[in-house]
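Undergrad: Below are the structure tokens for one structure; questions will follow.
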Amino acid sequence: MPYIGRFAPSPTGPLHAGSLVAALASWLDARAHGGQWLVRIEDVDTPRCIPGADHLILQQLATCGLVPDAPVMWQSQRGDAYQAALDGLIAKGWAYPCGCSRKEIEDAQALMGHTRERHQAAVYPGTCRDGLNGKTARAWRLNVQRVIDDLQLATPLTWQDRLLGTQQQDVAQEVGDFVLRRADGLWAYQLAVVVDDAAQGITHIVRGADLTDNTARQIVLQRALGLPTPSYMHTPLVLGENGEKLSKQNGAQALDVTQPLRTLQPAAQALGLPKLAVGASIHQALATWTKAWPPIPHLVPR
Ligand code: GLU
């Protein structure tokens, strides 16, 4: 079976210990399958991007021996493809404009007695689903229930993760009509990632477990756009000293790659891969880890 994998960092800062785990895991999985490994710079959320971070990430990866097999794709250059995808969804009646402000959404939720928040993005109450009611269009949303009904998708949506096993989510109830194009005009991660995974012919996605929760949404969108669903595997997160996931937002240290093997070693260990003798080269290390791939499943939290 052909294999095309990818690492898709957002250039909101240089690589850190957590993102290196995802990069290494996706690279090793591609190599272990004799496949190709691509890199896509996910720079759609421009206010969060840091100038130069994209090139720094590519340099850090290369220093660690992780070099993409095809030219890098930048999402900031893919606006036409996202617009075409959105137009297709609108034509099918599956996307609608939304004029709600954050405050209006919160008020409508409170009225409905919804207080639960999910990853800070609360379930949209569906206010503009049947029309803007005189409001100005701000964002574009997917009419999840309509897609599910029209395509007769199962509820809850069930999918397989290669490490975590069977996963399921009722997207309409638990997530609601998610945003495709944001009120500030920027493309939403969900739309961009689905369009680009298909455009790059990605067959296998290996990424951090913090993204597990997005997968069902992405599968609904793949169905709506008539795109194939890749195989998914979500790798364990590296936790910081405070027990929280490492991220650029909570001050994860940028990686020092002056001694690449030293940098890679903790990432490999987080994946349950063997420790290497001092003096091994990057090339030897990557070859050893490729042979040892996939890692021991019991290391992965269920
Ligand atoms: N760009 C996303 C991030 O850095 C990852 C996207 C993905 O792997 O699907 O969080």
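Coordinate-derived values only; no laboratory data. Quantities reported herein were computed from a predicted structural model and do not represent experimental measurements. Note that we place each Cβ from the backbone using ideal geometry, even for glycine, and neighbour counts take in every protein chain shown.
Undergrad: Which order do the peptides 31-41, 166-176 take when ranked by the mean count of other beta-carbon atoms within 10 Å per residue, highest first?
TA: 31-41, 166-176
Undergrad: Once you've got the GNM for the chain with C-alpha springs shorter than 10 Å, pick whichever of 98, 64, 128 has the biggest mean-square fluctuation.
TA: The residue that fluctuates most here is 128.
Undergrad: OK, next. Identify, among 17, 134, 268, the residue whose Cα sits farthest towards the positive end of the charge dipole of the chain, taking +1 on the Cβ of Lys and Arg and -1 on the Cβ of Asp and Glu, with the dipole about the Cα centre.
TA: So the residue we want is 268.
Undergrad: Right, something else. Compute for the range 32-102: radius of gyration divided by Kirkwood radius, i.e. Rg/Rh, restricted to C-alpha atoms, rounded to two decimals.
TA: 1.12
Undergrad: Now a separate question. Output the Kirkwood hydrodynamic radius of the range 131-233, Cα pairs only, in Å rounded to one decimal.
TA: When all Cα pairs of the range 131-233 are included, the Kirkwood radius is 14.5 Å.
Undergrad: Also, I was wondering about something else. Toward the positive end of the charge dipole of the chain, about the Cα centre and with charges on Cβ (Lys, Arg +1; Asp, Glu -1), which of 124, 281, 215 goes farthest?
TA: Value computed over the given set: 281.
Undergrad: Just for the Cα atoms in the chain, what are the lengths along the principal axes, largest first, rounded to whole Å?
TA: Principal extents (largest minus smallest coordinate, Cα): 68, 38, 37 Å.
Undergrad: So how far, in whole Å, is the C-alpha centre of the range 157-224 from the one of the range 134-154?
TA: The two parts, judged by their Cα centres, are 15 Å apart.
Undergrad: Please figure out what share of the DSSP beta bridges in the chain is antiparallel and state it in percent, rounded to the nearest 5.
TA: Of all bridge pairs located within the chain, approximately 55 percent are antiparallel.
Undergrad: If the chain between residue 152 and residue 130 were fully stretched, how many nm would it gain, using 0.36 nm times the residue separation less the Cα-Cα distance?
TA: 5.8 nm
Undergrad: Could you work out [θ]222 nm for the chain from helices alone, using -39500 (n - 2.57) per DSSP H run of at least four and dividing by all its residues? Round to the nearest 500 deg cm²/dmol.
TA: -10500 deg cm²/dmol
Undergrad: Need one number: nm distance between label points at residue 173 and residue 229, each 7 Å from Cα along Cα→Cβ, rounded to one decimal.
TA: Inter-label distance under the simple model: 1.8 nm.
Undergrad: Put one equal scatterer on each alpha carbon of the range 1-135, apply the Debye formula with no solvent term, and list log10 I(q)/I(0) at q = 0.10, 0.12, 0.21 1/Å to two decimals.
TA: Ignoring solvent entirely, the Cα scatterers give -0.54, -0.72, -1.15.
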